Amino acid sequence: MSEQFPERIWGSRTSLLGRTASSFAATKIGSAVVRALTPLDRKVLERTACKYTVLGPIGAPVILLTTVGRKSGQPRTTPLLYVHDGDTLYVIGSNFGQAHHPAWTANLLANPAAEVTIAGQHIPVTATQVIDEDRKRAIFERFEETTEAYTAYRNRTARDLRIFALTR
């Protein structure tokens, strides 16, 4: 068994603030606000090595995922919510329910070597796309437990949301 990933979540998803933020993020306006906050959040996450996030008070489990751009060859860093499973982190390419896949998912398909920043640590990972439908459904349910926004994202698009397992 591989070494466990650290976890750092502050705040609470079940608090009034967490529940309200989850409901708001599920709306189109809420998704637009979260997207607008992403550049600021990326800066906060980078400066604190993923110890703090703009979404922290609502109990959002956030990592920074750094991939290699499939066209540019340059590092590309994206803040993402994740589901923690000991020696595996799962991330989902919801892209707020937009019609196209987020670029980071294509980067991982082209080159599965990446890095996550979590709880002050920079950890090299290998990404594997989850393709088994039963496993995808079970993982997606865990994302829905994190925030109801994932249900809204899935319902906004006809595309299949890519899920990746990240391991050391």
Under-5 Å amide H pairs with residue 62, H placed in peptide plane, nonlocal only: none
Only Lys, Arg (+1) and Asp, Glu (-1) charged, at Cβ; the chain dipole about Cα centre in debye: 640 debye
Solvent-accessible surface (1.4 angstrom probe) belonging to residue 52, in square angstrom, nearest 10: 110 Å²
Tail weight of P(r) past 21 Å, computed on alpha-carbon pairs of the chain, percent: 44 percent
Computed E for residue 111/residue 16 - FRET, C-beta separation, R0 35 angstrom, nearest 0.05: 0.25
In Hz, Karplus ³J(HN,Hα) per residue of the range 68-74 (6.51, -1.76, 1.60; θ = phi - 60°; x = Gly, Pro): 9, x, 5, 9, 7, x, 9
Solvent exposure, largest accessible area first (probe 1.4 Å, DNA, RNA and ligands not counted), of 101, 84, 122: 122, 101, 84
Positive-pole candidate from 91, 29, 120, dipole of the chain, charges at beta carbon: 29
Modelled label reach - residue 23, point 7 Å along Cα→Cβ, the range 148-164 residues with backbone N closer than 19 Å: 148-153
Reach of residue 71 by Cα under 25 Å, taken over lysines that are not fewer than 8 positions away in the same chain: 43
Percent accessible area from carbon and sulfur atoms, the chain, protein chains only, probe 1.4 Å: 54 percent
Kirkwood hydrodynamic radius over Cα pairs of the range 73-168, then Stokes diffusion coefficient at 10 °C and 1.306 mPa s, in µm²/s: 115 µm²/s
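The values are calculated or read from the model by the stated rules, or taken from the named source; none is laboratory data. Being a predicted model, the structure only gives us computed values, none of them experimental. When we count neighbours, we look across all protein chains shown, and the Cβ atoms used for this are built from the backbone with ideal geometry, even at glycine. All accessible areas refer to the heavy atoms of the entire protein, side chains included, with ligands and DNA or RNA removed. Shrake-Rupley method; radii C 1.70, N 1.55, O 1.52, S 1.80 Å.
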